[in-house]
């Protein structure tokens with residue numbers, strides 16, 4: 001049984017120590033070798049850059065975060081819907097699944113400009129890019145979850161003359177939830193990436209921009225401390241969203257499936 | 001979750017560290033050249049990195065290669081084509097190339113970030129930077145830019161300067177796409193351009209471009225300037241001298257008789273048709289040779305222009321004040337020698 | 001245990017089952033089971049006893065011969081009256097539902113959930129020896145024996161006519177198995193359904209049933225039928241008697257004789 005204290009010493013303390021160690025070594029190295037700031041800024045410089053423009057970073061992070069959350073949510077809805085269709089018909093599954101794989105492999109950097117041309121710059125295109133990039137894990141995990149039902153449970157339902165709808169709602173769907181949660185975790189991180197990539201090409205209003213735009217801008221201007229700060233902000237955003245989805249997932253698993261959080 | 005952050009930071013740090021190590025080649029190990037003959041023993045190999053694909057704005061440098069001016073000066077110059085986001089400043093500062101082509105605003109930006117680059121010569125006196133709008137829109141002044149889409153390089157200093165100086169009501173800023181296709185499709189579209197390039201192409205395709213010159217707004221950075229490091233200047237001034245002199249010769253010659261070099265450029269960059277190049281040269285000649293700076297003084301730079309640009313960049317919040325001393329960003333020591 | 005003139009609930013004539021890949025699981029199976037009987041089927045591994053049970057449940061269709069349940073085709077009998085229940089080898093509980101919801105599942109699927117259902121579920125928990133506190137637990141929190149009890153309760157909630165059990169207690173230890181056997185018999189006596197119990201444990205078959213079908217190895221057929229004349233209710237002490245041992249021996253002998 002994990003106590004709060006043991007949780008701290010085992011899970012929080014070691015990574016924190018490693019983090020501190022890396023930061024200190026980094027600071028020393030940049031000072032000792034006099035590395036110019038446009039090449040590798042020191043942690044202090046990055047912190048300073050973030051603090052100096054914290055409003056800008058905050059609003060950019062919120063904007064990108066909003067796009068990512070919307071993209072992820074949409075992915076979840078669309079992905080589970082497509083998985084439903086796949087689970088109900090072998091014909092649909094075998095004819096359409098290869099195109100779902102296309103979502104996984106298409107180089108988004110090549111597609112994003114096209115999307116911008118077709119749908120214009122702005123929120124809808126960024127959303128679309130985020131959805132495209134994060135859709136596949138949902139489709140594939142949800143489909144697997146819906147069709148990989150224990151055959152004896154299928155027999156049980158057949159025994160009681162369950163209708164197709166009852167099978168879907170009372171058997172396949174609950175069975176698929178642990179799988180969907182796994183897919184959702186992957187998908188949430190991808191949605192953040194998708195939002196940022198979308199912003200690279202879509203731009204925004206003159207006074208409202210996200211982390212992707214910030215990354216491009218600071219990179220163009222050789223403002224490497226700010227670039228690092230923007231990249232770190234993006235990473236943190238991804239971690240927060242991933243962590244939230246993970247947490248919600250383990251709560252669901254614990255409450256409804258009585259699986260301990262170590263199981264997933 | 002903490003582990004993920006740490007791991008990605010560590011990876012970032014490791015990657016940058018190796019990149020940083022890789023970039024500090026000493027300037028005295030020039031790139032091996034492939035194209036020369038037995039006389040290579042007498043020529044010094046040099047690389048010149050361009051900031052875009054080969055265009056008329058690089059004409060003078062190519063002329064010096066084509067007409068042999070560099071060779072006459074004892075230099076075997078290899079010109080490296082650039083493109084979007086070409087890392088010219090990093091390459092020059094890091095030492096992998098000896099010379100580069102850039103613009104004055106980027107030099108100041110770089111120096112603010114401890115990039116070691118110095119401008120040694122500027123073929124342009126007036127900046128060709130402009131914004132093209134549709135003639136239909138009736139816009140003739142920058143202040144009238146409203147309610148449209150403006151395509152401009154993210155982080156471009158001109159973009160930031162515009163946003164600081166103008167209200168830009170209802171203007172949606174999008175990344176500069178590198179061509180005029182979107183301009184031709186959308187009536188409510190404006191984009192950054194160089195006056196000798198995009199307007200001609202747009203007109204050729206049936207568009208109705210009207211150029212608003214950045215210099216009219218007072219924003220006038222030296223363009224297509226030759227840059228190198230302060231290290232090269234102090235350790236090998238003779239090399240820089242030869243490079244500057246031959247480049248000036250090239251530019252003077254190109255502005256008079258561009259045809260042979262234009263063919264060469266067209267061969268390197270087929271998208272630049274001969275007609276575009278010819279138009280380009282005509283358009284940029286008055287930007288390079290002006291009343292104040294006649295042909296003999298091509299390449300000149302003044303301290304006032306650099307100081308003014310620096311304060312404009314501070315105003316645009318592209319650099320912090322007191323991070324750059326404009327005087328250190330350029331030198332005229334290699335100009336005015338008779339050549 | 002009424003007059004012998006009662007129509008057979010389950011009747012098989014010359015039943016045959018051949019799988020698509022060609023294996024013959026059952027051949028020339030004949031038997032009749034009367035309403036209210038408790039019959040066990042014993043046989044060596046692979047003799048087709050599980051297959052036979054699934055045919056009677058209508059989960060699979062025989063390739064030849066006749067099989068009727070209440071004079072109907074087994075599938076029809078199941079879909080029309082919903083009075084056939086099955087207890088699988090594995091408890092087969094839905095892991096995301098608690099005990100009470102698992103028991104309620106057949107009623108939900110039939111659309112028969114009423115105001116009395118909650119009380120019915122309470123009663124069934126009582127019947128199988130679980131407490132109200134257990135009702136809210138998820139299957140992963142229960143022991144193997146408790147899960148099997150829940151599976152049984154689920155099977156009984158629709159008040160079936162015919163209860164088919166496929167080696168339900170095979171995974172449990174002897175003490176627990178004997179206790180569950182006694183509980184099963186008690187419930188059978190209370191509720192009067194017809195029971196068909198597949199097992200490879202001879203003592204279990206002898207304790208529970210009125211008749212034992214001994215099956216031969218694949219392709220399975222009913223090699224012999226043995227009457228178990230003990231009176232009901234049957235007490236645990238019965239297992240210690242000489243009579244019991246004798247019958248067990250007899251059945252085992254038949255079983256050995258029919259094994260490959």
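Inside segment A:158-169, can you point out the residues that are within 20 Å of residue C:91 (Cα to Cα) and more than 7 Å from every other protein chain (Cβ to nearest Cβ)?
Looking only at segment A:158-169, we keep the residues that are within 20 Å of residue C:91 (Cα to Cα), and these are A:158-162, A:167.
Of everything in segment A:158-169, just one residue is within 20 Å of residue C:91 (Cα to Cα) and more than 7 Å from every other protein chain (Cβ to nearest Cβ), namely A:167.
If you check residue A:144 against the conditions, is it away from chain B (no Cβ under 14 Å) and part of a helix (DSSP H, G or I)?
Working: away from chain B (no Cβ under 14 Å): yes; part of a helix (DSSP H, G or I): yes.
Yes: the conditions hold for residue A:144.
Out of B:301, B:272, report the one residue that is surrounded by fewer than 21 Cβ atoms within 10 Å (Cβ to Cβ), within 18 Å of the chain's Cα centre (by Cα) and either assigned to a helix (DSSP H, G or I) or in contact (Cβ under 8 Å) with a residue 24 or more places away in the chain (or both). Please lay out each step first, then the result.
Working: B:301 fails: surrounded by fewer than 21 Cβ atoms within 10 Å (Cβ to Cβ).
One residue alone meets the criteria, B:272.
Can you pull out every residue in segment A:141-166 that is out of contact with any helix residue (DSSP H, G or I) (no Cβ under 6 Å at 6 or more places or on another chain) and crowded, with 22+ Cβ neighbours inside 10 Å?
Those that are out of contact with any helix residue (DSSP H, G or I) (no Cβ under 6 Å at 6 or more places or on another chain) and crowded, with 22+ Cβ neighbours inside 10 Å: A:156, A:159.
Is segment A:22-41 home to any residue that is under 20 Å from residue A:235 (Cβ atoms), away from every other protein chain (no Cβ under 13 Å), free of Cβ contacts under 8 Å to residues at least 60 places away in the same chain and in a helix (DSSP H, G or I)?
no
With the requirement that a residue be more than 14 Å from chain B (Cβ to nearest Cβ) and either surrounded by 18 or more Cβ atoms within 10 Å (Cβ to Cβ) or not in a helix (DSSP H, G or I) (or both), what does segment A:109-128 give you?
A:127, A:128
Do the conditions hold for residue A:176, that is, is it closer than 26 Å to residue C:104 by Cα, crowded, with 24+ Cβ neighbours inside 10 Å and touching a residue at least 40 places away in the same chain (Cβ under 8 Å)? Don't jump to the end; show me each part of the working.
Numbers: closer than 26 Å to residue C:104 by Cα: yes; crowded, with 24+ Cβ neighbours inside 10 Å: yes; touching a residue at least 40 places away in the same chain (Cβ under 8 Å): yes.
When the stated conditions are applied, residue A:176 passes them.
Which one of A:80, A:106 is within 23 Å of the chain's Cα centre (by Cα), closer than 20 Å to residue A:186 by Cα and modelled with pLDDT of 90 or more? Write out each step before concluding.
Numbers: A:106 fails: modelled with pLDDT of 90 or more.
After applying the criteria, what remains is A:80.
Given the conditions (1) surrounded by fewer than 18 Cβ atoms within 10 Å (Cβ to Cβ); (2) in a helix (DSSP H, G or I); (3) more than 9 Å from chain A (Cβ to nearest Cβ); (4) in contact (Cβ under 8 Å) with a residue 12 or more places away in the chain, report the number of the one that residue C:145 does not fulfil.
(1)
Quick one: is residue A:212 facing chain B (nearest Cβ under 10 Å) and buried (at least 24 other Cβ atoms within 10 Å of the Cβ)? So that I can check it myself, show each step before the final result.
Details: facing chain B (nearest Cβ under 10 Å): yes; buried (at least 24 other Cβ atoms within 10 Å of the Cβ): yes.
It is true that residue A:212 is facing chain B (nearest Cβ under 10 Å) and buried (at least 24 other Cβ atoms within 10 Å of the Cβ).
Across segment C:107-139, what is the total count of residues that are within 14 Å of chain A (Cβ to nearest Cβ), at pLDDT 90 or above and in a helix (DSSP H, G or I)? Show your work before the answer.
Keep residues of segment C:107-139 that are within 14 Å of chain A (Cβ to nearest Cβ), which gives C:107-113, C:134, C:136-139.
Next, only the ones that are at pLDDT 90 or above stay: C:107-109, C:136-139.
Right, trim to in a helix (DSSP H, G or I) and you get C:107-109, C:136, C:139.
The qualifying residues number 5.
Out of all the residues in segment C:167-224, which are at pLDDT below 90, touching a strand residue (DSSP E or B) at 6+ places or on another chain (Cβ under 6 Å) and either over 15 Å from residue C:51 (Cα atoms) or assigned by TED's automatic domain parsing to the domain that holds residue C:123 (or both)?
Within segment C:167-224, C:223, C:224 qualify.
Only one residue in A:76, A:63 is crowded, with 18+ Cβ neighbours inside 10 Å and touching a strand residue (DSSP E or B) at 6+ places or on another chain (Cβ under 9 Å), so which one is that? Show your work before the answer.
On the way: A:76 fails: touching a strand residue (DSSP E or B) at 6+ places or on another chain (Cβ under 9 Å).
Result of the check over A:76, A:63: A:63.
Is there a residue being free of Cβ contacts under 8 Å to residues at least 60 places away in the same chain, surrounded by fewer than 20 Cβ atoms within 10 Å (Cβ to Cβ) and farther than 30 Å from residue B:94 by Cβ anywhere in segment B:216-233? Steps first, please.
Within segment B:216-233, the first condition is being free of Cβ contacts under 8 Å to residues at least 60 places away in the same chain, and the residues that meet it are none.
There is no residue in segment B:216-233 that is free of Cβ contacts under 8 Å to residues at least 60 places away in the same chain, surrounded by fewer than 20 Cβ atoms within 10 Å (Cβ to Cβ) and farther than 30 Å from residue B:94 by Cβ.
If only one of B:162, B:185, B:168 is more than 17 Å from the chain's Cα centre (by Cα), within 11 Å of chain A (Cβ to nearest Cβ), surrounded by fewer than 22 Cβ atoms within 10 Å (Cβ to Cβ) and over 26 Å from residue A:114 (Cα atoms), which one is it?
Values: B:162 fails: surrounded by fewer than 22 Cβ atoms within 10 Å (Cβ to Cβ); B:185 fails: over 26 Å from residue A:114 (Cα atoms).
Answer to the selection: B:168.
Which condition number in (1) within 11 Å of another protein chain (Cβ to nearest Cβ); (2) farther than 30 Å from residue A:196 by Cα is the one that residue A:53 fails?
(2)
For residue C:152, are the conditions met, namely being away from chain A (no Cβ under 14 Å), in contact (Cβ under 8 Å) with a residue 24 or more places away in the chain and either within 16 Å of the chain's Cα centre (by Cα) or under 19 Å from residue C:181 (Cβ atoms) (or both)? I'd like the intermediate steps shown before the answer.
On the way: away from chain A (no Cβ under 14 Å): no; in contact (Cβ under 8 Å) with a residue 24 or more places away in the chain: yes; either within 16 Å of the chain's Cα centre (by Cα) or under 19 Å from residue C:181 (Cβ atoms) (or both): yes.
Here the answer is no, as residue C:152 does not meet what is asked.
Only residues that are within 17 Å of the chain's Cα centre (by Cα) and free of Cβ contacts under 8 Å to residues at least 12 places away in the same chain: list them for segment B:56-115, please.
Those that are within 17 Å of the chain's Cα centre (by Cα) and free of Cβ contacts under 8 Å to residues at least 12 places away in the same chain: B:85, B:87.
Across segment B:131-169, what is the total count of residues that are at negative phi and part of a loop (DSSP other than H, G, I, E, B)? First the steps, then the outcome.
Here is the first cut: in segment B:131-169, the ones at negative phi are B:131-137, B:139-146, B:148-154, B:156-167, B:169.
Still in the list and also part of a loop (DSSP other than H, G, I, E, B): B:139-141, B:145-146, B:148, B:153-154, B:156, B:166-167, B:169.
Final tally of qualifying residues: 12.
Does residue B:109 qualify as being within 14 Å of another protein chain (Cβ to nearest Cβ), crowded, with 24+ Cβ neighbours inside 10 Å and within 23 Å of residue B:58 (Cα to Cα)?
Working: within 14 Å of another protein chain (Cβ to nearest Cβ): yes; crowded, with 24+ Cβ neighbours inside 10 Å: yes; within 23 Å of residue B:58 (Cα to Cα): yes.
The answer is yes for residue B:109.
Please note which helices (runs of 4 or more DSSP H) are completely contained in segment A:151-264 and include at least 2 residues that are closer than 30 Å to residue A:38 by Cα.
Working: elements: A:151-159, A:173-202, A:211-220, A:224-257.
The helices (runs of 4 or more DSSP H) meeting that bar are A:173-202, A:211-220, A:224-257.
The values are calculated or read from the model by the stated rules, or taken from the named source; none is laboratory data. Everything numeric in this text was worked out from a predicted model, so none of it was measured. Glycine also receives a Cβ, built like all others from the backbone with ideal geometry; neighbour counts cover every protein chain displayed.
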